[in-house]
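No value in this document is a laboratory result; all are computed from the given coordinates. Since the structure is predicted, the reported quantities are computational estimates derived from the model, not experimental observations. Note: ideal-geometry Cβ built from the backbone for every residue, glycine included; neighbour counts use all protein chains shown.
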Amino acid sequence: MQPFEQLGLIGCGLMGGSFALALKQAGLVKRVVGYSKSPSTTERARQLGVIDVAAPSALLAAAGADLVLLAVPVAATEATLKSIKHLVTPEMMIMDVGSTKVDVVQAAHTALRDQIGSFVPAHPIAGKEVSGVEHSDARLYHGAQVILTPTERTIAGHLHKAQALWELLGCRVRSMSPQDHDGAFATVSHLPHLLAFAMMQSVLSQPNADEMLSLAGPGFRDFTRIAAGDPKMWRDVLLANREQVLAQSQQFQQALQQLQALIQAGDGQGLEDHLTLASAARAHWRPGAPRR
Ligand code: NAP
């Protein structure tokens, strides 16, 4: 693949910064022009070598770019795309990395209108609990899955280029509809984050919370690791995908109630049967692989 002339990076945080570094390391971009909401973030990105040029606006980051990456909170998608709309041409490819896709695609339709074909919605299944450009990592995406949710008007050439680009960064790429994406990720990402936050909240609401936390071991550490995620980002994701998240919460409550009933009834065999099914499924699970 020919290197891109200019990446216009809008949102110089963990995900955007890591994308810029990965592209540079792979020799896939000649120049990165970046913009973030706070000028201090943009300047920090420049000092760290994540971007080459700091732009004072999203519009100026996108000006002259053949690739634009939106790596902002999903709730900022529409306003950001509106602010660059009049620069968008069919030759420019725009991608995002947002964790939800129905709202992002809707926002892109509203903002880009007749230029929607330039937009390739993407969600890399990679990340960290820490945010900010300081944590950018050129290897963040290596080995990750990337879900593309193209619209019916996405320009085919852009879709193929987006797929090739992520593959060159070491990713496995799948395509699906935004609805299927949000349903699946409500189950395997958004609800688990909600439960981890709720678990922490439940411990903290008890009078001897500090004592209990001091006793907790690796099981608690692994179960609650994702509760250290960025609260603002997760607020946006949970609200953006609220219907699917609430539906999955109901599903989870049923499973929990089933286990509670077995415990209450002292039904050891029933409990063991349920735990055996879950344990075997988890033991055989590998990221990105279908269940055997
Ligand atoms: P982050 O480290 O906090 O970076 C977000 C960046 O966007 C910050 O630099 C922030 O600038 C900037 N920003 C916020 N509002 C903006 C606006 N209106 N215009 C321009 N820049 C703006 O967060 P992140 O983890 O990279 O998340 C970015 C996106 O990736 C989110 O949509 C999230 O859903 C998605 N995602 C995250 C993960 C993960 O694990 N973190 C995984 C998959 C997908 P300031 O510093 O100036 O506030």
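Here the Kirkwood formula puts the hydrodynamic radius of the range 37-80 at 11.4 Å, using every distinct Cα pair.
The sum of -39500 (n - 2.57) across all DSSP H runs of n ≥ 4, divided by the residue count of the chain, sets its helix-only mean residue ellipticity at 222 nm to -15000 deg cm²/dmol.
Scan the chain and report its longest stretch carrying no GluC sites (Glu not before Pro) that are both in a DSSP loop and have at most 11 other Cβ atoms within 10 Å. No qualifying site falls inside 153-292, the longest such stretch. Annotation: the antiparallel percentage among DSSP beta bridges lying fully within the range 68-166 is about 40.
Extension gain for Ala209-Gln251 works out to 12.3 nm (0.36 nm per residue, less the C-alpha to C-alpha distance). Taking the Kirkwood radius as Rh and the Cα radius of gyration as Rg, the range 196-292 has a ratio of Rg/Rh equal to 1.00. Positive end of the dipole of the chain (Cβ unit charges, origin at the Cα centre): among Ala20, Val102, Ser202, the Cα lying farthest that way belongs to Ala20. Enclosing the Cα atoms of the range 63-107 in their convex hull gives a volume equal to 72 cubic angstrom per residue.
Quick one: in the range 82-200, what % of C-alpha pairs are over 25 Å apart? Cα-Cα pairs in the range 82-200 separated by more than 25 Å: 29 percent. Note on the chain: the C-alpha convex hull projects to 17.2 nm² when averaged across all orientations. Ordering Thr89, Thr80 by the number of other Cβ atoms within 10 Å of each residue's own Cβ, fewest first, gives Thr89, Thr80.
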